[in-house]
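The values are calculated or read from the model by the stated rules, or taken from the named source; none is laboratory data. Bear in mind the structure is a predicted one, so any value in this text is a computation, not a measurement. Reconstructed Cβ throughout: ideal geometry from the backbone, glycine too, with neighbour counts over all protein chains shown. Heads up: the accessible areas ignore ligands, DNA and RNA and are worked out on the full protein's heavy atoms, side chains in. Shrake-Rupley method; radii C 1.70, N 1.55, O 1.52, S 1.80 Å.
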Amino acid sequence: MTRINNPMEIFKLLPQTNCKDCNEKTCMAFAVAVFKNKKNLDRCPHLSAEVLEKYGGEVEKPNTIDEDMREAVEYLKNKIPGTDLEEAAARTGSKYDGKKLTLKVMGKDFSVIEDGTLSSDIHVNPWLAVPVLNYVLYSKGRPLSGKWITFRELKGGMERYSLYHQRCEKPLKKIADTYPDLFRDMLDIFNGRRVEGPVDADKAVILYPLPLVPIIVSYLEPEEGLASSLHLFFDETVDENLDLDSLYTLTAGMVIMFDKLAQRHGIPSAHAAG
Ligand code: SF4
């Protein structure tokens, strides 16, 4: 199956004469129609047998993010039956009862069963399942250092910072600005604990989305013309216990969860434009 990522890739295969023999006004319109599965490539009569053979059959479209995530979950779940869950539990700060590994995710039980099935007190979505499975499979089990660093200070963090800021810190600050009960919910619902925090803050809470992956949420309220600020801090060992992509996924998923909680209290989504 040939993978086509966008209509331009189809357009490049066409003669680009805009002859209209395919009943489209232009080759580009035809390329878009093919990409949307409205027309088959062989409706253009001017393509070589070679091109039709390579691209004329079933074309694989790019996955959506959700599809990618679901595929990643299935891929990781398939690795569980070959994994020593007893060893994984000892390494990751989890429990093992002979059949399943259970760890705490934001204070709630999350179990990985020996056949790869997942069960939890909280809603299992791919944004959570992928980091949990990567953590169980690949965490090095490094003890926490107690030294706190930002995402940007992590190896590879600078390159991913823009996306991380857009999907994590920026919307979380918006939620903190508009939903006054956010920090109380972190304490009451998500097993958070108040801490001093590594920088000056009006509110700082430590959360444990995974046992060896604590996150400090540090928030400075707005005052006298100064905007609020919100920063997330990670233990210096974090990238040995969870890969950077999973850390991003986990943090972004956590923010989505807080956003949904705020929306249930009538607050507009922090991910909405503007
Ligand atoms: S028949 Fe082929 S060459 Fe002609 S307009 Fe359609 S796509 Fe372009």
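Say we look at the stretch 200-217 and pick out the residues that are open to solvent by 60 Å² or more (accessible area, probe 1.4 Å) and assigned to a loop (DSSP other than H, G, I, E, B); which of these is modelled with the highest pLDDT?
The selected residue is 202.
Which of the numbered conditions does residue 197 fail, given that it passes all the others? Conditions: (1) open to solvent by 20 Å² or more (accessible area, probe 1.4 Å); (2) free of Cβ contacts under 8 Å to residues at least 60 places away in the same chain; (3) not in a loop (DSSP other than H, G, I, E, B).
In the conditions (1) open to solvent by 20 Å² or more (accessible area, probe 1.4 Å); (2) free of Cβ contacts under 8 Å to residues at least 60 places away in the same chain; (3) not in a loop (DSSP other than H, G, I, E, B), residue 197 misses (3) alone.
Name every residue in the stretch 218-274 that is in a loop (DSSP other than H, G, I, E, B), crowded, with 19+ Cβ neighbours inside 10 Å and of a type in the set (A, V, I, L, M, F, W, C), in order of residue number.
Scanning the stretch 218-274 gives 242, 270.
Among the candidates 244, 220, 212, single out the residue that is in the same structural domain as residue 178 (by TED's automatic domain parsing) and more than 17 Å from residue 138 (Cβ to Cβ).
Of the residues listed, the single one that is in the same structural domain as residue 178 (by TED's automatic domain parsing) and more than 17 Å from residue 138 (Cβ to Cβ) is 220.
Checking the structure you have, find out if any residue of the stretch 21-35 is modelled with pLDDT under 90, out of contact with any helix residue (DSSP H, G or I) (no Cβ under 9 Å at 6 or more places or on another chain) and open to solvent by 80 Å² or more (accessible area, probe 1.4 Å).
yes
Filter the stretch 157-193 down to the residues that are of a type in the set (Gly, Ala, Ser), under 19 Å from the mean Cα position of the chain (by Cα) and under 16 Å from residue 213 (Cβ atoms) and list them by number.
Passing the criteria: only 157.
Please give the number of the condition residue 69 fails out of (1) surrounded by fewer than 17 Cβ atoms within 10 Å (Cβ to Cβ); (2) at pLDDT below 85.
So residue 69 meets the others, but not (1).
Checking residue 119 against (1) open to solvent by 30 Å² or more (accessible area, probe 1.4 Å); (2) in contact with a helix residue (DSSP H, G or I) (Cβ under 6 Å, 6 or more places away or on another chain); (3) part of a strand (DSSP E or B); (4) not charged (D, E, K, R), which test does it fail?
Condition not satisfied by residue 119: (2).
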